[in-house]
Each structure stands twice: as C-alpha cells, then as structure tokens.
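Single-structure report; data block below.
The values are calculated or read from the model by the stated rules, or taken from the named source; none is laboratory data. Bear in mind that the values here come from a model prediction, so they are computed numbers and not experimental data. Glycine also receives a Cβ, built like all others from the backbone with ideal geometry; neighbour counts cover every protein chain displayed. Just the protein is used for accessible areas: all its heavy atoms, side chains included, with ligands, DNA and RNA removed. Shrake-Rupley method; radii C 1.70, N 1.55, O 1.52, S 1.80 Å.
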Amino acid sequence: MPSDLVWSKLQELRDNALSAIASASDENALTTLQKKYLGKKGEVQAYMQHMKELSAEERPKLGALVNEVRDRIEARFAETEKKLADARLMADLKLRHEDLSLPGRIPNRGAEHPLQETQREIEDIFLSMGFEIARGPQSEWDYFNFEALNFPADHPARDMQDTLMLENGSLLRTHTSPVQVRTMLCYEPPIRIIAPGTVYRRDDDVTHSPVFHQIEGLHIEKGLNLTHLRGILQLFAQSMFGKDTKIRLRPSFFPFTEPSVEVDIACIFCHQKGCRMCKGCGWIEILGAGMVDPNVLREGHIDPEVWSGWAFGVGIERVAMLLHGITDIRLFFESDLRFLSQFRV
Ligand code: PHE
C-alpha cells in the first residue's frame with residue numbers, strides 16, 4: 001500500500017474509533033471496542049504489518065503515528081469510562097430518590113463512662129508515682145478474701161462485708177484487698193502496686209450497689225510508717241480534688257491493717273461550712289487505709305521484722321460521685337444516655 005494511503009487509512013481508523021467509543025452505551029460495549037481497536041490482534045496493531053512495505057525513512061514515521069493513534073484512543077476510553085460510571089451513579093441515586101440537598105445526620109459520639117474515666121485518673125496519679133497495676137480474679141477463695149487478710153474464721157468482721165457466695169465454695173470478692181496477698185506471694189518486696197477491679201456485696205441503696213469498683217494500693221518497703229501513707233494520700237487527694245484539698249486521718253478498724261484509719265477530705269462542696277453532702281460536719285470520708293498487719297505480711301511470705309507496708313482501698317464510685325456531685329449510685333449502671341452524655345468532653 002502506498003504510504004499516503006496508509007496515513008489516511010490510519011487517520012480514518014482513529015476518527016471512527018474515537019466516535020465509536022464516545023457513543024458506547026455501556027461498560028460492556030466499551031470492553032468490546034477496547035478489544036477491537038487496542039487488542040493484540042486489534043485494528044491499530046494490524047497497521048504494523050505495513051512496515052515492510054515502507055521505505056527505511058517512513059518506518060519510524062509509521063511507528064510514531066501508530067503510537068499517537070493508540071494514545072488518543074486510550075484517552076478517549078478513559079474519558080468515556082468515567083462518563084459512564086458517573087452516569088450510572090446518577091441513575092442509581094435517582095432510583096433511590098435521594099435528596100442530596102438534605103443536611104447530613106450527625107452520628108452520636110461515644111464517650112468514656114464516668115467510672116472508667118475516674119478509674120483512669122486515679123491510675124494515672126499512682127502510675128506517675130511509680131506504682132504498677134496488679135489484678136486478681138473476681139471469683140475468689142475465702143482464703144485470699146478473708147483468711148490471709150487476718151479475718152479469723154467466724155469473726156464478726158466477715159459479716160461487715162455481706163459476702164455473695166458461689167456454689168463451688170468460692171465467693172465474689174468483697175474488696176480488692178485479696179490482690180495484696182496474691183501480689184506478695186508472687187513478687188519480692190519492695191512492692192508498689194495499685195489493683196483496680198470489680199467487687200461485690202449484698203447491698204443495694206442510693207449509695208451502695210451490689211456491684212461496684214475499688215482501687216487497692218499497697219506499698220511494701222523497709223522503714224515505712226503512717227506518715228508515708230499520709231503523704232501519698234494527701235498527694236492523691238490534691239491531684240484528684242484540687243490542690244487545696246485537706247485530708248484527715250481518723251482511727252478505724254480493719255482486720256488486715258494495724259493501725260487502721262479512715263481518711264476524710266475537707267468538704268469540697270461547702271469548704272467546711274457544713275452542707276448536705278458532708279452532713280454538716282465539714283468532712284467527707286473517701287477511703288480506708290492502714291499499716292499492713294504483720295500477720296498479713298507473714299501470709300504473703302514477707303518478714304515483718306524487715307519490711308513494713310501500708311495499704312488503702314478506695315471506692316471508684318465514691319470518688320466519681322464526689323467529683324461530679326452525683327447522689328444516686330444507680331445512675332452509673334442504668335446506661336441512660338441522658339445521664340451518660342453529660343460526661344462527653
Ligand atoms: N478493703 C477495705 C474495704 O473494702 C478497704 C481497705 C483497704 C482498708 C486496704 C485498709 C487497707 O473496706
């Protein structure tokens with residue numbers, strides 16, 4: 001074929017291809033056209049056969065022209081593909097009768113539960129002082145919950161805690177103190193841990209829930225005394241309730257600590273003028289604590305002649321109620337979004 005004819009035929013092929021592609025009615029038609037024009041045995045490639053009929057100068061010209069035609073056709077394919085996809089989307093939208101001018105719906109944002117948040121804040125305070133987190137089981141043996149903690153069998157103090165018994169002879173732990181013993185048995189002193197967790201008691205009113213949460217603290221070191229405990233608890237109270245928070249220690253009794261104390265903070269609601277929250281006395285009880293009883297250290301295989309320790313147990317619900325001025329503990333467990341969404345930050 002004379003070269004002029006090759007050029008003009010190639011241009012004719014290009015124009016036909018471009019208009020055929022542009023008017024393809026759907027993506028299937030497009031695939032067929034793609035094969036027809038650009039396939040290995042397609043019409044564009046077929047022009048390469050004419051190479052041998054051309055002179056040495058004309059050959060590169062043919063190669064360039066074939067490439068150019070192929071590029072143009074490819075570009076047209078891409079445009080048309082996009083056009084068809086857009087059209088399909090619009091058709092779909094029309095079919096679903098969607099009104100794109102409607103404002104969007106704002107999804108509900110979740111938030112940390114106030115108890116979780118309080119627990120994390122307490123943990124952060126003690127982690128920053130070098131304490132580590134320890135955990136223990138919620139179904140516990142009498143031995144760890146009572147006996148190793150110096151509650152003698154049939155001691156009336158066991159009744160103080162309204163224990164829920166399980167059928168296999170174990171019980172639902174009534175406090176996080178069993179983690180003290182488990183930790184002493186697993187680790188060598190010095191020990192500095194906090195143990196957050198769920199605890200259970202047969203108790204149910206506006207300030208008591210049968211399921212609630214505590215954080216236990218335990219520090220065992222040489223030469224510890226009550227002033228160390230006081231110092232740490234003072235720091236805790238100030239970090240939690242504000243830097244001017246005062247605390248006081250009152251003598252108390254727990255079988256596993258000697259001496260034992262109850263710790264109060266100066267009322268954060270009335271600044272000790274007397275209000276409903278502090279029942280007029282200016283102080284609010286927040287936790288129990290004391291020096292670990294030598295009998296408990298011995299149960300934990302720690303020599304009380306060498307080591308001493310202090311411990312405390314704080315109720316997470318209690319702290320959260322004080323922080324947020326909540327007077328009914330049941331609100332924490334009812335999953336009522338009107339209550340929970342107030343804590344969203
Ligand atoms: N376990 C005690 C309670 O639940 C609190 C406590 C812990 C007291 C550690 C002293 C030392 O009431």
Inset, instruction - Would you look at the GNM of the chain, springs on alpha carbons closer than 10 Å, and say which of Pro103, Pro294, Pro255 moves the most? - result: Pro103
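Can you tell me what the convex hull of the Cα atoms of region 131-197 projects to on average, as an area in nm²? Intermediate results must be reported in sequence, preceding the final value.
Details: hull surface 19.1 nm².
Taking the Cα atoms of region 131-197, their convex hull projects to 4.8 nm² on average.
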Legend entry - Stokes-Einstein D (µm²/s) once Rh is taken as the Kirkwood radius of region 46-136 over alpha-carbon pairs, at 25 °C in 0.890 mPa s: 115
Legend entry - Distance (nanometres) between label positions extended 7 Å along Cα→Cβ at Lys40 and Asp92: 3.4
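Does region 1-56 come out rounded, prolate or oblate by the C-alpha gyration tensor, with a ≥ b ≥ c the root eigenvalues, rounded set by a/c under 1.5 and, if not, prolate when a/b is larger than b/c and oblate if not?
The shape class here is oblate.
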Inset, instruction - Divide by every residue of the chain the summed helix terms, -39500 (n - 2.57) for each DSSP H run of at least 4, and state the resulting mean residue ellipticity at 222 nm, rounded to the nearest 500 deg cm²/dmol. - result: -12500 deg cm²/dmol
Legend entry - Contact order relative to length of region 114-343, as percent, for alpha carbon pairs under 8 angstrom and 6 or more apart: 21
Legend entry - Distance between modelled label sites at Arg72 and Lys9, nm, 7 Å Cα→Cβ extension: 1.7
Inset, instruction - Could you list, by residue number, the cysteines of the chain that have no other cysteine's beta carbon within less than 4.7 Å of their beta carbon? - result: Cys186, Cys281
Legend entry - Diffusion constant of region 157-313 at 37 °C, which comes from Stokes-Einstein with the Kirkwood Cα-pair radius and 0.692 mPa s, µm²/s: 195
Inset, instruction - Hey, can you find the accessible area per residue of the chain for me, probe 1.4 Å, expressed in square angstrom? - result: 57
Inset, instruction - Express the Stokes-Einstein translational diffusion coefficient of region 1-159 in µm² s⁻¹, to the nearest whole number, given a Kirkwood radius over alpha-carbon pairs, 4 °C and a viscosity of 1.567 mPa s. - result: 54
Legend entry - For region 57-80 versus region 228-251, the gap between their alpha-carbon centres in whole angstrom: 82
Inset, instruction - Take region 228-345, compute every pairwise Cα distance, and split them into 10 Å bins from 0; I just need the percent in each bin. - result: 12, 35, 30, 17, 6, 0
Inset, instruction - With unit charges on the beta carbon (Lys/Arg positive, Asp/Glu negative), name the residue among Val206, His113, Pro103 whose Cα is farthest towards the positive pole of the charge dipole of the chain. - result: Pro103
Legend entry - Taking N as its residue count, the alpha carbon Rg of the chain over 2.2 N^0.38 Å: 1.94
Legend entry - Accessible area of region 114-343 belonging to carbon and sulfur atoms, whole % at 1.4 Å probe: 51
Legend entry - Accessible heavy-atom area order of His113, His301, His175, highest first, probe of 1.4 Å: His301, His113, His175
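How large, in percent, is the carbon and sulfur part of the accessible surface of region 4-96 at a probe radius of 1.4 Å?
Carbon and sulfur: 54 percent of the exposed surface of region 4-96.
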Legend entry - Proximal lysines to Lys94, defined as alpha-carbon separation beneath 30 angstrom and excluding residues fewer than eight positions away on the same chain: Lys82, Lys83
